[in-house]
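Everything on this sheet refers to the single structure shown next.
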Amino acid sequence: MKNKSFHNAWQIIWFVLLTMAVLCGFRPSLIAQQSSDSLLTMSTKLSNQYLETVSKKSEKVSREIDKKTEKYLTKLEKQETKLKNKLCKLDSSAANKIFADSKKRYLELHNRLKDESGKILNKTAKYMPWLDSANTSLKFLENNPLTAKIGSGSVKLKTAINKINTLKSEFKQAANVKDFIRQRKEYLSEQLHNYDLGNELKKYNKTAYYYSQQINDYRQAVSDPEKAEKKALQLLNKLPAFQQFMRKNSMLASLFAAPTDGDEALSQGMQGLQTRASVQGMIQTQLANGGPNAQAMFQQNMQEAQAAITSIKDRIAKMGNGGGNDLETPDFKPNVQKTKPFLKRLEYGTNIQSAKSSSYFPTTTDIGLSVGYKLNEKNMVGIGASYKMGWGRDIKHIDISNVGIGFRSFFDMKLKGSFYASGGLEYNYQQPFGNIEQIKYLNDWQQSGLIGISKIVSLKTKYFKKTKLQFLWDVLSYQQVPKAQPFKFRVGYSFNN
């Protein structure tokens, strides 16, 4: 009886709630719409920042690709001229024949690069997830009625779309230029392999490699989303309308028949493709009919196939498009720093060195700041400055003062593993000073010539990426007055760049 009463009470409560919901105009679709509007409102706050970020990134990379393409083509053309002049000394008739249309080909390509309407875009660029996501998201914001709330951002939206389209064209044009360079490289290698032209042909091949690597670097830089992009795309991905639009209009959707709505669409999208279950079933059937040793033979063949695929991938990587050596120059070891922007080749660091009295209390502390320029992955040169602060006599007599300043240059050369040979020249003012006037006379500065060993220890922190431990010998310390310590131990830290 008690359970029946509870059941009746629950029915009454449910009826009241349902009646109130109807009277208030409750509709599930309304809640979904409010949720979408809420997400849209959140994304609108980021829309302007997102559009500006996409526009600036696209414009910057497009400009850099255009500039670098012109630079590399000009360099390759000059190198072909050197090849022709060198060949003329050996065989003038062959030189005129081989390089007959060289200037004409480069001139045509230069003109196409300068004339936007004359660009050849028949080459399909490599798929880039960021470019696909950015392009599709901008199309969604342009076509979706809900995005009318963006308002003043519509001009920025059109600008961003135009910049994205320009960037796509630049990557396609770069792919055509890479094809042109590859064809010229193959042609020259075939025509000149019987002539001794020194290193001129190798230089041409190296320049061709670095252009290809430069475009790969831009592609990688574009694929790294910034904070505003991540937030905006995360919010958009919460909208079912955007998810459906992405499935239908992305670049991947144009390559593959992506399933849309319902099982029927799924079956149409998968038509003609073998599923994983069907392939496994076929393999099991064949193994069952192959006898007791079929499984072992199958595993052996799979291992051989995987090894062959790995070998092919390695060979492709060595053909100049994946960071390996070029086939025409087997002794060529690419400098991965060469195609990076100047600022990306800089490494900032700091180091601390203390000198103590008879107790544990340090009497002075050297604080140094430096900036290094990576010549390649093994060698770095740089400059820096240091400031020596005095602490006083002991813990009971603390007196902070200026007791020195210095300027330094350094060079690090990799020996093996994480060990480097280090050297440098320093000028140090080793006396207390109160103003700049006291330190402007170079005669009062001491020279230090340092050589030694450095050990690099990797760090995974937010601000530092590695620690440098240095043991240095000052070869000029014996000439200094007053005589300084001949050996120095320093601990340095490198900042993330």
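To keep it simple, each residue is scored yes or no on (1) of a type in the set (Asp, Glu); (2) within 30 Å of the chain's Cα centre (by Cα); (3) modelled with pLDDT of 90 or more; (4) in the same structural domain as residue 167 (by TED's automatic domain parsing).
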| position | (1), (2), (3), (4) |
| --- | --- |
| 81 | no, no, yes, yes |
| 91 | yes, no, yes, yes |
| 105 | no, no, yes, yes |
| 111 | no, no, no, yes |
| 116 | yes, yes, no, yes |
| 125 | no, yes, no, yes |
Problem - Residue tally, condition charged (D, E, K, R) and under 35 Å from the mean Cα position of the chain (by Cα), over region 438-497 - result: 7
Problem - Tabulated pairs, region 443-461, first in contact (Cβ under 8 Å) with a residue 12 or more places away in the chain and among the charged types (D, E, K, R), second exposed (fewer than 14 other Cβ atoms within 10 Å of the Cβ) and part of a strand (DSSP E or B), C-beta under 8 angstrom, 6+ apart or interchain - result: 455/419
Exercise for the section: Go through 58, 47, 36 for me and flag whichever is at pLDDT below 55 and either surrounded by 13 or more Cβ atoms within 10 Å (Cβ to Cβ) or of a type in the set (A, V, I, L, M) (or both). Expected result: 36
Practice task
Could you grab me the full set of residues in region 444-468 that are surrounded by 15 or more Cβ atoms within 10 Å (Cβ to Cβ) and closer than 16 Å to residue 412 by Cα?
Solution key: 449, 450, 452, 454, 456, 466, 467, 468
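The values are calculated or read from the model by the stated rules, or taken from the named source; none is laboratory data. Just so it is clear, the model here is predicted, and its values are computed rather than measured. Please note: Cβ atoms are built from the backbone with ideal geometry, for glycine as well, and neighbour counts cover all protein chains shown.
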